[in-house]
Structures are given as structure tokens and as C-alpha cells.
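A short write-up of the structure that comes next.
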Amino acid sequence: MIRTRFRKGPVTRPIALVILFVILIALCFSSIAIGTRNVSWQEILGALQGQMNTMGEAAVTMRLPRTVLAVVAGSALGLSGALMQSVTRNPLADPGILGVNIGAAFFVVIGLAWFGINQLQSYVWLAILGAGITAIFVYFISSLGLGRPTPLKFALAGAATSAALSSFTVAVVLPRNDIAGGANSWQMGGVGGATFDSIQLVLPFLLIGFLMSAVVAKKLNSLALGDDVAAGLGENVAWTRGIAWLSAVLLCGATTAICGPIGFVGLVIPHLCRLLVGVDNRWLLVFSALGGACLLLIADITGRIISRPSELSVGVVTAFIGAPFFIWIVRRQRVKEL
Amino acid sequence: MKNNVNATLSRIKYGRKQRSSRWNCLIVILCLLVMAAFSITLSLGQSFTSPTEVLKVLLGENVPGASFVVGHLRLPRAVISLLVGMSFGMAGVAFQIMLRNPLASPDIIGVSSGTTAAAVFAIIVLNMDGASVAFFSIVMGLLVAISIYALSYRNGAAGTRLILIGIGVSAMIESGIVYLLSQAPAWDRQEALRWLSGSVNSAQLHQALPLLISLLLFGGLLLSRTRDIEALRMGDDTAQSLGVRVGVTRIIVITSSVGLIAVGASITGPIAFVAFLSGPIAMRLIQNNGSLIIPSGLIGACLVMMGDYIGQFLLTSRYPVGVVTGALGAPYLIYLIIRVNRKGGSL
């Protein structure tokens, strides 16, 4: 069973929320202040007011969009993971593990290579389409056969699908020298190349995703009791599930379009948040979004510090934080539940 | 009464004879297939070299024109493909039998990526080459396999937990490979692809020696345990009651499979899906007529050679073999997942 530490009263959850918020702001600030170049307080303040007179101010101005992107993308990924875990009632559901990010990446690469699509607003659509198709595909494969889809079936179907898709992606990119450089750097997964323009393009999709998740949050609680009970309580199970999936797909598809595939954020964060605030989705989703933003900021900052003066991309850092966590979750489960 | 027993005995004998003759027959066919693929790789490329010329070159004669093409370009490819394919095929099926799940092949549970990461690390960071790379990646591969096993050990090692933990470990290792490659002084895409999906493009004849040794040593070890491994197909408990020492057999299977994979992967990279595909194909062909290890090795060899040939000559641009086997493997994989889900998790 999942332990609920703050079960006694609703008062502690707002406090936890405030603390998380403060942490997020502190991290945002560190993300602006820390980097290859050391900057002074004056330079940070100056850059925040829009000046760009010194190198330091220029560096800070460069760090602003990537900080915003890390917050936006992290919250989208965390939320999307929480939604997927709730809908599938599966502790291992995560856009990375299910291969959904790779699916989005594959569609974007096809668009780049075959249809000459090189504008972000078009590949957001492609990425969302790819994410959606892959999600449906993996879900379909793992729910064929007897019984409910177990975490094992899910993870295997996801791993297998992403292995296949990444080999297709290589096959598409390889003969095209003109796009290979861009596609390769994009596939590593990063927030480094962010601009405010590109963030603005995906923002509407993310907002819709956030809104939809807010709508289904309460309904997901009754879904957690099982389909039959939820139907008995008057929920339209298929509808709830559909909206939650759609919102999860929108969130991780749009994020992948702009950052490339980033794994494990959606896996780690909802679990940590569940330990913190319990299983009520109305709280869990909010916390997962904030927590995801924090994790991605931490990963981005770590990537900048570890290999100065070059950078380690976020995707690599999140995999190194996330995989041990994944193993821990697997070890916690009883064999029968796998 | 006695008549009855005799009749049953002769029926069993007859069945056994029929099974073994079917097995022999399939082995002969597979060998012919491997030989056919081998000779096509040798004689038919951008240009055609007649079999007699190929034979002359193989016997060490200097044939103008053909010597370079066959001896330097095609022969190393063919030999390395053959040996690597056999290694991957045998190792793959051994893992699949041991864990009783076709999806639990070394390329899916992280053993292949572990050995590849070790090889990349040895080459890029430690500047090693040749046998020391192979040795290093065997050691690291064993470490990875043992840690996956140890991490999944809780009141006994459960197969499902082992597979899941393998997936997690392999995700971590793969992003490690990406990082290592991005740190390499010359970011060469062909080289990078070799390590990410596997390729025999840079095959050289002297690399065949470590492969051959590992195939004899580790492959031999696997084959010497054929009977025990076959018993594992019926489940650990049944195998145990048939007198198989399950723990020992597991250790032998893990060690020798990791050895096979590591030496292969340190030369060609993890050729996608070969280890995964060979076993189920062998299972389909052989059914319950005998051991799967040798057939699976032969099928692996066929897959790599044909995949390489397709990647080189039959497509619009030249792809490394790993991309071809990856793309070929995908539909089969999906079919397999669906079938396994329908029937439960046995090979």
C-alpha cells in the first residue's frame, strides 16, 4: 500500500505546496545564476530588467528562456506521467518507458526528412500525433490477451516499441546528411536551444493539456477504485479515460516537439508526490506538475555543472536519476503484481 | 501385457528417432542457408566475382581484381558477420530459455547495451584496443548481468522482476553511451551508429580470432549444458526435480551468454534484435524436436549476413546491418508480443 503521510488533515497539503513552490522559485533563480560563466548579482538584476551591456548580462539573458522551458516542460512531463499512472493503474507508466516520447520523435524526424517540414508549429502537430499513435499502440498491445495489462507487459511492449522505433529513426536519418546534425542533437533531449518564440508555439497545446487534466482530476479518483465501482458512482469511465489519455499525450507530445525525448521525469515525480500527499489526484496532479518542473531544473543545472565548460544534456541526467528510481519501484512491488 | 509394453517402447523409440531425424534435417538446411548467404556475400557485391575466382582467392592465390575485392572487402565482412551472428543467436536463445520469455533476450534486458557501453568506454576513454577491449567488456558485461540479477533478487530471483530491472538498467546505460559518444574527440556518425545499432562496416579479418575463441569457449560451455538448459524450458521446479542444478546452470548460462555477447559487441556493436529474433525463429522451426542452441546460432548468422547484404546493396542507400535487422525485427516483435500475451509467457 502507498503510505499517506499527511492523511490527518488538509492543512498540511497547502503548506507542502507552498514549500514546493518556494523550492521551485529558488531553483529557477539558481538556473539563471549558475552556468559556464559566473555572473554577479548586478548582472542578474540588470539582465532581468532587459539590459544587455556586459557578457554576464548576455549570458543571463540566454539562460532565461531555457529556465522557462525547463519549468514548462518539466511540469508537462510530470503531469503527463501522473495521468498515465492513474489511468492505467500502473506504477511504471511513464512517457519514456512506454515509448511515447520516441514515437513523437520518430514522427518529427519523418516530417523533417521526407516532407521538408522544418517549422516548429508543424512539428508540434506531428509530435502529438506520433505520441498519440504510439500510446494507443503500446496500450493496445499490452492489453491484448488474458487479464489486465500488468506492469511487465506494459514495460516490455514499451521497450520493444521504442527499440523498433529508434531503429526506424536511424534508418530515416542516416541517408540524409543535411538533417542528420539537427536530428541528432535534438534526439539527445535538451532545453539548451530554447527561445521564447519556440516556447510560445507549444504553450497553447500545453495549456489545453493542463486544463483537461484539471477537469479529469476528480474523476480519476473514482476510476482508481476500479472501473465497475467508478461506473457505479456515475462516472463515464471511457470518457474520463479518453480525456486523461488525450491530455497526457498532448503534454508529452508537445514537450517532445520542443525538447526532444526526455525520459523518467514522468515516472519519478508522481511516485515521490504520492509519498508526500497521498493518492488524491486533485492534489497529486498539481504536485506532480510542480515537482516535474523542479526535477527538470535540477537536471539541467546538474548537466551544466558536471561537465564544465561543456554541457550534459538533460535527457542523460534524468535517465541517470530516474533509472535507479525505476529499479527501486520494481523492487518494491510484489511479484504477483508485476 | 509384455506385448503392450514392447509396442509402447517401440512407439517411443520411433518418435525419438523421427524427432532427431527432423532436427538433423533442419540443421542441414540451416547450414546450407548459411553457406549460401556466405557465398553470396563473397561473390556478389557491386560487381560479380565468379565462384572459381572466389575459391582461388580463398586458397591464397593472387587474382588480379578479385583479390582485393574478395579478400579485403568481402571476406572480413562475411566471416565477422557469420561469427557475430552465431554468438548473438546462441546467447540470445540461452537467455530466453533461462528466463522462459522470448522478450527477455540480452538486447532487451540491458546486457548487450552494458557490454557495448563498456567497449565504447574502453575505446574512447581508456584508449584500449583489440583483445583488451573484448576482455574489458566481458568483465563489465558480467558485472552488469550480475547486478541486474542481484537487484532483482528478493526471496529468490523472479523472472519478471529481472526483466523489468534490466529494462531500467539498459535505459540508463544507453544514455551513458550517448554521453560517451558525444565526448569522443571526433564525432563520427558511422562510428557512433556502430555502437548504437551495430555494423560490420569496419570488420577486419584479424578480429575473427577473438570471436572464434569466444565461440569455442563460451559456445562450447553452453552446448555442454544442453540437457540442463532444455530441462529449464519446463520451469525451474520441474528442472530441479529432474535433477538439474538450477543455480549452477543459471550461472553457466549467464556467464557464457555474456561472454558471447561481449566479444561480439566489442567488435560490431549490439546488432539490433539478432539475439532477440534467433531464438523464437529457431523455436518455430524446431518445435519440440531437440535443442535450440545450435539452430539459433545458425539463424543468427543468417540474419546478420542477410541483413548486411540487404543494407549494403538492396536499399537505396547503404545502411549498417543493425538498422536493417532492427527494422526487420520490429513487425516480428509486435507479432510476438501479441502472441505471448495471448498464450502466457513461454517461448
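The values are calculated or read from the model by the stated rules, or taken from the named source; none is laboratory data. Note that the structure is a prediction, hence the values are computed from the model and not measured. All Cβ positions, even for glycine, are placed from backbone atoms using ideal geometry, and neighbour counts span all protein chains on display.
Hey, does the stretch A:186-193 have a residue that's at pLDDT below 75, more than 9 Å from chain B (Cβ to nearest Cβ) and assigned to a helix (DSSP H, G or I)? Yes.
Pairing each residue of the stretch B:226-241 that is of a type in the set (D, E, K, R) with any residue that is loosely packed, with under 14 Cβ neighbours inside 10 Å, provided the two are 6+ apart or on different chains, yields no C-beta distance under 7 Å.
Does A:Gly291 satisfy being farther than 21 Å from A:Pro91 by Cα and surrounded by 20 or more Cβ atoms within 10 Å (Cβ to Cβ)? It is false that A:Gly291 is farther than 21 Å from A:Pro91 by Cα and surrounded by 20 or more Cβ atoms within 10 Å (Cβ to Cβ).
Note on the stretch A:317-329: among residues that are out of contact with any Gly (no Cβ under 7 Å at 6 or more places or on another chain) and at pLDDT 85 or above, the one that is surrounded by the fewest Cβ atoms within 10 Å (Cβ to Cβ) is A:Trp328.
Taking the criterion of being touching a residue at least 60 places away in the same chain (Cβ under 8 Å) and either more than 7 Å from chain B (Cβ to nearest Cβ) or not in a helix (DSSP H, G or I) (or both), the residues of the stretch A:156-175 that qualify are A:Gly158, A:Thr161, A:Ser162, A:Leu165, A:Ser166, A:Thr169, A:Val172, A:Val173. A:Ala105: crowded, with 21+ Cβ neighbours inside 10 Å, assigned to a helix (DSSP H, G or I) and more than 11 Å from chain B (Cβ to nearest Cβ), yes or no? Considered against the rule, which asks whether it is crowded, with 21+ Cβ neighbours inside 10 Å, assigned to a helix (DSSP H, G or I) and more than 11 Å from chain B (Cβ to nearest Cβ), A:Ala105 comes out as yes.
In the stretch A:236-332, counting only helices (runs of 4 or more DSSP H) that sit wholly within it, the ones holding 1 or more residues that are of a type in the set (S, T, N, Q) span A:237-259, A:281-306, A:314-332.
Figure legend. Inter-residue proximity from the stretch B:167-179: first residues touching a residue at least 24 places away in the same chain (Cβ under 8 Å) and more than 7 Å from chain A (Cβ to nearest Cβ), second residues in a helix (DSSP H, G or I) and aliphatic (A, V, I, L, M), beta-carbon distance below 6 Å, spacing 6+ or different chains. Indicated pairs: B:Ile173/B:Ala117; B:Gly176/B:Ala117; B:Ile177/B:Ala117; B:Ile177/B:Val120.
Scanning the stretch B:130-154 for residues that are surrounded by fewer than 17 Cβ atoms within 10 Å (Cβ to Cβ), within 14 Å of another protein chain (Cβ to nearest Cβ) and either more than 18 Å from B:Ala91 (Cα to Cα) or at pLDDT below 80 (or both) yields B:Ser147, B:Ala150, B:Tyr153, B:Arg154. Among the numbered conditions (1) free of Cβ contacts under 8 Å to residues at least 40 places away in the same chain; (2) closer than 15 Å to B:Leu298 by Cβ; (3) among the aliphatic types (A, V, I, L, M), the only one that B:Val34 does not meet is (1).
When the residues of the stretch A:1-36 are filtered to those that are of a type in the set (S, T, N, Q) and modelled with pLDDT of 85 or more, the one that is surrounded by the most Cβ atoms within 10 Å (Cβ to Cβ) is A:Ser31. Filtering the stretch B:299-327 to residues that are facing chain A (nearest Cβ under 9 Å), in a helix (DSSP H, G or I) and touching a residue at least 24 places away in the same chain (Cβ under 8 Å) leaves B:Gly322, B:Val323, B:Thr325, B:Gly326.
Screening A:Phe154, A:Phe168, A:Phe140 for residues that are under 24 Å from B:Gly110 (Cβ atoms) and either surrounded by fewer than 21 Cβ atoms within 10 Å (Cβ to Cβ) or in contact with a His (Cβ under 8 Å, 6 or more places away or on another chain) (or both) leaves exactly one candidate, A:Phe168.
Taking the stated definitions as given, is B:Val84 free of Cβ contacts under 8 Å to residues at least 40 places away in the same chain, assigned to a helix (DSSP H, G or I) and in contact with a Leu (Cβ under 7 Å, 6 or more places away or on another chain)? Considered against the rule, which asks whether it is free of Cβ contacts under 8 Å to residues at least 40 places away in the same chain, assigned to a helix (DSSP H, G or I) and in contact with a Leu (Cβ under 7 Å, 6 or more places away or on another chain), B:Val84 comes out as no.
Among the residues of the stretch A:262-275, at least one is surrounded by 20 or more Cβ atoms within 10 Å (Cβ to Cβ), over 15 Å from the mean Cα position of the chain (by Cα) and not polar (S, T, N, Q).
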